[in-house]
Each structure stands twice: as structure tokens, then as C-alpha cells.
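Note sheet for the following structure.
The values are calculated or read from the model by the stated rules, or taken from the named source; none is laboratory data. None of these values were measured; they are calculated from a predicted model. As a convention, Cβ positions derive from the backbone with ideal geometry for all residues, glycine included, and neighbour counts pool all protein chains shown.
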Amino acid sequence: MNGSGVPLAAFVTAMLAAGLVAAVPLVLAALGEAVGEKSGLLNLGIEGMMLAGAFFGFLAAFQTGSAVLGVLGGIAAGAVLGLVFAALTVSLRVDQVLVGLAITIFGGGLTAFLYRDIFGGQNPSLNVDAPRIAIPLLSRIPVAGPAMFNQGVLFYLAFALVPAFAFVLARTRFGLQVRAVGEYPFAADAAGVDVTRTRYLAALIAGSMAGLAGAFLAVADLKIFQVGMTVGMGFIALALTMVGGWNPYRILLASVLFGLLRSLGNGLQILGIDVRTEFITMLPYIGIMIALAILAGRTSIPAALGIPYARGRR
């Protein structure tokens, strides 16, 4: 038993589950961002794409009563904004930072306007059940089993996508092309790689994954939409991508650690430990800043990150 009368095993299980669930949207968004940045695209619009995915995913699920259609709606919303980002930065060669910030502002404003216009002063919640799967035997492991192996489909999908993205980036022709255009697009172009097509695909993947992350929040996790509900998670995913060195496995580790630190504040309150919640809330963000500072001189960013490419120009 702990200090509040809650069984210690149940408490640890709940805290682990909360931390892992909190990591899911970060893992999804950061994996997509890793592909985009590997291709040379610095997408600061990931926050707006997550918000769009959350709202349109929520709207689709609310209108149809289907969690699956809600998730697909969120992915579609993120994909559209990903293509907008690509059109402006790749085809028109507009500054990537400005476009990303504009998409974040646009996504926040659009979703707030549509939410208030469609739902008025109401705050509806979804009456949909995202499928949960308890994996036989594994879900019975003490403490960790229920937290890791008795979750929703999107939870498993997020963690399954980590080795999938690692394989695609490291072992496939597309992954080689992404890395080539992100390091030296002129050489990649000379070797026959279509730089524009590759970056469009990378932006589409990044936007779709951000939309999926937002849909997870609104449809599978909270089952509500709130204005600005991502509260900076897009920028956190961006930082975790860099902390993880664009490596899917390191991104997973950084995201899980961040999620566990976020759940720590609630855990300490349950235990009755007298620590100011504001200080605990700061811990994950302080951890990211320390990690970025330590890794600043050791991490090699893609050489062409943030640099537009025009064929025939150097």
C-alpha cells in the first residue's frame, strides 16, 4: 500500500499506463516529422496539423458515430495541410519557418472558429468506442502487463510504426532517397532522384502522421475536442525529433520519458507528497532543454534542412 491507501502495484500500473498513453501522440507526430526533416523540410506547422486532425477527426466521429472514420478524417486533414506546406515550400520555395508558423496559426484559428460555429456553446463528447485489445498472457504480467498490453488499437499502432519507420528510412529505396535529398539534393538530382516528388511525399507523410496524432487525442483518448487542445504538443514533438537524432527508436525513448514525467505530477499528488505541481509540470520541458543543450554539438542535422531547392541553382 502507498500513503493514500492505494495498492502500490495498481498505482504503478496506472502511472505507467498514463505515461505511455501520453507518449502516443508525440511518437506519431515525431515519426512523421523525422521523415520530413530527413528530406530537408523543417515543419513548424505540426501543431496546426495536429489541431486540424483533432478537430476534423472529432467532427467525423461525432457525425458518423464511427471511431475509424474519425481517425481517417483526422489523417485526411493533416495530409491536406501537409500538401499545402509542400506546395508553398517545395514548389513556390517560400520560407519554411514562415509557412510552418502560418499553418500553426491557421490551424488554431480555423478549428476554433469551426468548433464554435458548429457546436455553439456546447461541449459534446463522443459516444464511440475505440477498440481495445488485451493480448493473451502478456496482459497478465504483473504491473507492466495491463499498462502495455491492454490498450486501444491506435496505442499498439503507434509503437508498431516505430520499427516500420526505422526500416523504411534505413533499408528501402524511398528511405535512401529521403536521406539523399535532405543531405545534398543537387547530387541526388544528378543521380536521378526526383527531389520535388520525394519532398512532397515526405511532407504528406509528416502531415498525415500529425493528423493521426491529433485524431488519437480527440477520438481515441479524450473523446472530446477543446480549442487549442494540443497545448504545444506539436512543438514538443518537433523537439523530441531532434533530441532523438531523427532515429525512430530514440524518438520512442524520448517520447516515453516525456510522457512518464508528465504523469509524475498526478502520481505525486495521489501519494500525498507535498510538491508544487507547477514545478513537476516543468520537469518534462526542462528535460528537453537539457537534452538539446547536451546534444547540440553531437547531433548532425540534415545538411539541406530548411533550404529550398531549385533545379539548376546552387
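Within segment 290-314, take every residue that is of a type in the set (Val, Ile, Thr) and surrounded by fewer than 13 Cβ atoms within 10 Å (Cβ to Cβ) and give me the one that is modelled with the highest pLDDT. The extreme case among them is Ile290.
Set side by side, the residues Phe85, Phe56, Phe62 differ, and just one is farther than 22 Å from Gly259 by Cβ, of a type outside the set (A, V, I, L, M) and either out of contact with any helix residue (DSSP H, G or I) (no Cβ under 7 Å at 6 or more places or on another chain) or surrounded by fewer than 24 Cβ atoms within 10 Å (Cβ to Cβ) (or both), which is Phe62.
The residue that is nearest to Ala67 (Cα to Cα), among those in segment 191-225 that are in contact (Cβ under 8 Å) with a residue 60 or more places away in the chain and assigned to a loop (DSSP other than H, G, I, E, B), is Lys223.
Inspect all residues belonging to segment 137-155 and state whether any of them is assigned to a helix (DSSP H, G or I), within 22 Å of the chain's Cα centre (by Cα), modelled with pLDDT under 95 and over 22 Å from Leu253 (Cβ atoms). Yes, segment 137-155 has at least one match. For the condition under 27 Å from Ile301 (Cβ atoms), among the aromatic types (Phe, Trp, Tyr) and in contact with a Gly (Cβ under 7 Å, 6 or more places away or on another chain), Phe56 does not qualify.
Given Ala170, Ala144, which one is of a type in the set (Gly, Ala, Ser), surrounded by fewer than 16 Cβ atoms within 10 Å (Cβ to Cβ) and free of Cβ contacts under 8 Å to residues at least 40 places away in the same chain? If you could, list the steps in order and put the result at the bottom.
Numbers: Ala144 fails: free of Cβ contacts under 8 Å to residues at least 40 places away in the same chain.
Every option except Ala170 fails the conditions.
Selection of segment 115-136 for residues being among the aliphatic types (A, V, I, L, M) and assigned to a loop (DSSP other than H, G, I, E, B) yields Leu126, Val128, Ala130, Ile135. One residue alone among Arg179, Arg132, Arg197, Arg173 is over 28 Å from Ala87 (Cα atoms) and more than 15 Å from the chain's Cα centre (by Cα), and that residue is Arg132. Here Ala188 qualifies as free of Cβ contacts under 8 Å to residues at least 12 places away in the same chain, over 16 Å from the mean Cα position of the chain (by Cα) and buried (at least 17 other Cβ atoms within 10 Å of the Cβ).
Take the residues in segment 228-246 that are part of a loop (DSSP other than H, G, I, E, B) and in contact with a Leu (Cβ under 9 Å, 6 or more places away or on another chain), then tell me which one is surrounded by the fewest Cβ atoms within 10 Å (Cβ to Cβ). It would help to see each step written out before you state the result.
Let us first name the residues in segment 228-246 that are part of a loop (DSSP other than H, G, I, E, B), namely 228-232, 244-246.
Now narrow it down to the ones that are in contact with a Leu (Cβ under 9 Å, 6 or more places away or on another chain): 228-230, 244-246.
Working: Gly228: 12, Met229: 19, Thr230: 29, Gly244: 23, Gly245: 16, Trp246: 24.
So, considering only residues that are part of a loop (DSSP other than H, G, I, E, B) and in contact with a Leu (Cβ under 9 Å, 6 or more places away or on another chain), the one surrounded by the fewest Cβ atoms within 10 Å (Cβ to Cβ) is Gly228.
At least 1 residues being of a type in the set (S, T, N, Q) and in contact (Cβ under 8 Å) with a residue 40 or more places away in the chain is the threshold, and among the helices (runs of 4 or more DSSP H) wholly inside segment 1-114 those reaching it are 8-38.
Determine, yes or no, whether Phe149 is surrounded by 24 or more Cβ atoms within 10 Å (Cβ to Cβ), in contact with a strand residue (DSSP E or B) (Cβ under 9 Å, 6 or more places away or on another chain) and not aliphatic (A, V, I, L, M). Judged against the criteria, Phe149 is not a match. Cβ-Cβ distances below 6 Å connect the following pairs, each with a first residue in segment 236-251 that is farther than 18 Å from Leu161 by Cα, a second residue that is of a type in the set (Gly, Ala, Ser) and surrounded by 21 or more Cβ atoms within 10 Å (Cβ to Cβ), and a separation of six or more residues or different chains: Val243/Ala254.
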